[in-house]
Every structure is written in structure tokens, then in C-alpha cells.
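Taking it in order: structure first as C-alpha cells, then the write-up.
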């Protein structure tokens with residue numbers, strides 16, 4: 001069965017769309033469109049206008065949409081967590097990121113991808129991305145006005161970097177620089193994965209543009225060793241984006257950086273074919289990012305995805321509303337039958353409960369004949385039992401007629417309050433006492449043993465056990481005292 005996949009790359013200076021038809025016979029690009037945005041002040045209106053043009057040119061009905069969010073509006077961090085399980089990582093990630101974020105974590109949608117930077121197995125290295133919920137909602141509202149509901153919303157340029165990282169022909173360290181009108185994003189690529197993302201502004205002045213871009217690239221490379229904890233020497237640079245303006249731009253970059261610079265032409269280097277008509281107007285620097293968005297859906301590539309939480313719930317409700325209502329009605333009928341059965345059972349149980357209460361009262365009267373007023377026999381019985389226990393608390397005696405209270409008093413007098421010790425258990429037998437607890441050092445255990453041996457009540461004190469606890473900062477001990 002064939003399907004349509006729409007890659008929608010939305011930036012602050014342009015919107016690009018690529019529609020791929022995928023079926024048994026293969027995959028091909030059915031349509032594509034690129035619309036520039038000149039008005040940066042009314043960006044939401046400009047994006048809506050660009051989408052209107054695209055939807056007039058491309059039939060997006062029934063398409064699976066994969067969209068990108070402008071990379072410069074996202075916060076990126078590289079962190080380590082002492083876990084391997086994805087569930088645990090998601091639970092602790094907001095707390096790990098909160099001190100480093102300029103926003104409250106409650107106002108952010110956060111996602112991550114694990115990366116392998118070393119052979120260590122005691123932690124996981126992560127590349128994280130966080131976007132403000134309000135910005136993402138505005139973005140989704142614009143798309144919804146054109147009946148576009150993306151399944152995935154990811155970082156602009158990230159899918160193209162993923163495709164390059166997974167390209168078996170590129171087995172070295174590279175940079176992908178996604179260049180636009182006044183912003184640029186750099187992706188640091190090592191074989192098979194992206195290990196760092198950074199966005200930064202660049203000069204709009206033609207004479208300073210290349211130098212501004214290269215300066216920011218060099219600053220990122222200088223910070224890499226501290227961020228990633230290993231030396232990174234790139235073999236070259238890939239460039240893409242609508243900001244590649246003049247012919248000498250690539251040569252100027254190569255000269256300033258001292259690295260080979262290549263323009264990305266991903267369609268040319270991939271196995272996907274294009275229809276003849278759209279191919280005439282295809283410009284790789286403008287279309288490759290949108291093409292890569294559709295491609296990760298076809299390939300099932302795992303990517304950063306901000307389409308989660310409440311944003312997914314709304315889409316799910318719209319798609320499955322009828323099925324949910326039908327299921328709810330069926331569930332209601334089943335629930336009514338269950339409650340009917342409960343009512344019948346409760347009537348039967350009420351009779352049994354009356355008989356049991358009568359039996360409890362008879363037992364209470366036989367056990368405590370002196371109690372004349374019976375209100376709550378079960379509670380009154382509990383109170384009576386507790387009273388008997390309290391009476392016996394200080395009456396437990398050993399064969400030598402030593403009271404427990406005297407034993408506690410002797411221990412309290414011998415061990416000074418300056419001793420860092422916590423007693424957790426005291427068992428008094430006919431001939432001996434077992435004392436359990438924890439203290440700061442093994443010397444403290446020896447000191448307590450020596451002090452207790454001085455008591456006239458005790459004949460001999462033995463250290464049954466003394467071990468360091470799991471945290472490594474306390475000593476657990478057990479003392480056996482012979483009376």
C-alpha cells in the first residue's frame with residue numbers, strides 16, 4: 001500500500017516542503033516547493049502565508065507529515081547521567097537540566113538522544129534539546145489551520161545531519177553547517193552519530209558574513225574538548241541552507257577554517273529518484289533538509305521529537321474520537337452490569353456482617369466481663385490489649401530479677417551523649433541482651449564494649465558483628481551482653 005510523506009522544513013527565513021510517494025514499486029519525489037520569508041517582524045503571519053502558497057501547490061491531504069522547528073529557538077545541552085534505562089533517564093532529565101536552563105523546566109518540552117563517546121558503561125552521554133511549550137503551541141496552531149498535523153517535530157537540520165552520520169561513505173569526523181539569513185546551526189558528526197549541536201547568529205553584512213560564521217565555528221571547536229572530553233579534529237565541512245549566497249562563499253570558508261568545504265547534495269548521493277518536472281527546479285541547499293525529514297520517516301530513523309505530552313493527546317483525540325466514544329459506551333454497559341452484581345452481593349454481605357457483629361460482641365463479653373458499656377467492641381478490645389501491653393513494658397524481669405528499665409538506665413549512663421551512635425534494636429532475654437545499631441567508626445564499637453563491661457549488671461560483652469554499611473560511611477554492629 002502506497003503512502004505520501006511530507007517533509008516540512010520551517011525556518012525564520014523560508015519554508016520548504018518535499019512530498020515523497022512511497023510504495024511497493026519504490027519511492028520518488030512527487031512534488032516540492034520553497035517559499036522565502038522576507039518579513040522577520042511578523043514571523044507567524046509570514047509562515048502562514050508561505051504555508052498557504054505551499055498547500056496551494058502541493059496536495060497534502062492524507063500525508064504523513066514530519067516537520068522541523070527552527071534550530072535557533074531550541075536550547076541544547078550535552079550531559080551525563082548514571083543510568084542506562086531510557087525510562088529512568090526521562091524521569092531525571094528535567095532535574096539534571098534545570099540548573100542550566102534559562103527557563104523553568106515546566107515550561108519546556110525536552111527530548112534527547114543517547115550518544116556513545118567512550119567505552120565506559122557506568123553512565124550514558126546525552127545530547128538534549130528543549131523548546132518552550134508556548135512557542136511550540138503557536139507553531140502547531142499555524143500548521144493546524146492548514147489541516148497539517150505532524151507526527152514528528154524535530155530540530156531543523158537535524159535529520160539531514162543524521163542521514164550524513166549514517167552514510168557509510170562518510171566514516172570520519174565532519175561538521176554540517178546549516179546556514180540561513182542571519183542564523184546558523186553547526187552539527188558535529190562522528191561516524192554513525194551526532195555528538196553536539198549549537199546555533200548562533202551571523203552577520204547579515206555581505207563583507208563580514210563568512211568571517212562571522214567561521215569565527216563562531218572556530219569557537220565551537222575550541223569548546224569541544226571541554227564539552228565532550230576528547231580531542232576533535234574535523235576532516236572537513238558540509239554546508240547547506242538558504243544562506244549560501246555567493247559563488248566564493250565556500251572557498252572563503254575553506255581558506256579561513258583551513259578545512260575542505262563541500263556543498264551537500266543529498267538527493268544526488270541517495271537512492272531516491274525524482275520525477276523529471278520537479279527536478280528542473282530542485283536546489284539542494286534549499287530542499288535537502290525537507291527531503292531528509294521525509295526520509296527519516298521512510299527509514300524509521302530514531303530522532304529527537306517534540307511531539308509529545310499534551311500535543312500528542314490532542315492529535316490522538318482528533319484521530320480516534322469515534323472509536324473512543326464507542327468503546328466508552330461499551331465500557332459503560334459493562335460497568336452497569338458490574339454495579340448491578342455488586343448491589344446484589346452487598347445485600348447478601350450485609351446479612352453476614354450483622355451475624356459477625358453479633359458474634360464479636362459475644363466474644364468481647366466473654367473475654368472482658370467487667371465492661372458493661374459496649375459501643376465498638378473491636379476498638380475497645382484493641383484498647384484493652386494495648387493497656388495490658390503497657391503494664392508489662394516495665395515488668396519484664398530476668399532470672400536475676402533485673403528490671404528492663406534498670407538495664408536501659410545503665411546503658412544510658414555508661415555511653416555518653418557525645419558518642420555518635422544510633423541504637424536500632426534491643427532484645428532482652430533471660431540471660432543475655434542483644435544490642436543492634438550503627439556508629440561512625442570501628443573504634444567507637446570497641447569503646448562501647450569496654451564501657452558496658454564496667455557495669456555491675458553485666459558479666460561479659462561480646463561484639464557479635466561489625467560491618468561497614470552500603471553507603472560506606474557508617475559501621476553497623478551487634479553486641480551480645482551476658483547478664
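Looking at 213, 221, can you tell me which residue is out of contact with any helix residue (DSSP H, G or I) (no Cβ under 8 Å at 6 or more places or on another chain), outside any loop (DSSP other than H, G, I, E, B) and in the same structural domain as residue 118 (by TED's automatic domain parsing)?
So the residue among 213, 221 that is out of contact with any helix residue (DSSP H, G or I) (no Cβ under 8 Å at 6 or more places or on another chain), outside any loop (DSSP other than H, G, I, E, B) and in the same structural domain as residue 118 (by TED's automatic domain parsing) is 221.
For the structure I just gave you, tell me whether residue 446 is out of contact with any strand residue (DSSP E or B) (no Cβ under 9 Å at 6 or more places or on another chain), touching a residue at least 12 places away in the same chain (Cβ under 8 Å), part of a helix (DSSP H, G or I) and surrounded by 11 or more Cβ atoms within 10 Å (Cβ to Cβ).
Considered against the rule, which asks whether it is out of contact with any strand residue (DSSP E or B) (no Cβ under 9 Å at 6 or more places or on another chain), touching a residue at least 12 places away in the same chain (Cβ under 8 Å), part of a helix (DSSP H, G or I) and surrounded by 11 or more Cβ atoms within 10 Å (Cβ to Cβ), residue 446 comes out as no.
When region 372-390 is examined, which residues are found to be in contact (Cβ under 8 Å) with a residue 12 or more places away in the chain and more than 52 Å from the chain's Cα centre (by Cα)?
374, 377, 384 - these are the residues of region 372-390 that are in contact (Cβ under 8 Å) with a residue 12 or more places away in the chain and more than 52 Å from the chain's Cα centre (by Cα).
Out of all the residues in region 1-34, which are part of a loop (DSSP other than H, G, I, E, B) and either in contact with a strand residue (DSSP E or B) (Cβ under 6 Å, 6 or more places away or on another chain) or touching a residue at least 60 places away in the same chain (Cβ under 8 Å) (or both)?
2, 11, 12, 13
Just checking, does region 222-230 include any residue being surrounded by fewer than 14 Cβ atoms within 10 Å (Cβ to Cβ) and either at pLDDT 90 or above or under 20 Å from residue 202 (Cα atoms) (or both)?
Yes, region 222-230 has at least one match.
Taking residue 50 and the conditions (1) under 27 Å from residue 165 (Cα atoms); (2) in contact with a strand residue (DSSP E or B) (Cβ under 6 Å, 6 or more places away or on another chain); (3) at pLDDT 90 or above, which numbered condition does it fall short on, given that it satisfies the others?
Exception for residue 50: condition (1).
Here's the yes/no breakdown for (1) modelled with pLDDT under 75; (2) touching a strand residue (DSSP E or B) at 6+ places or on another chain (Cβ under 7 Å); (3) not assigned by TED's automatic domain parsing to the domain that holds residue 65:
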site	(1), (2), (3)
293	no, yes, no
304	no, yes, no
316	yes, no, yes
331	no, no, yes
341	no, no, yes
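The values are calculated or read from the model by the stated rules, or taken from the named source; none is laboratory data. The structure displayed is predicted, hence computed values, not measured ones. Reconstructed Cβ throughout: ideal geometry from the backbone, glycine too, with neighbour counts over all protein chains shown.
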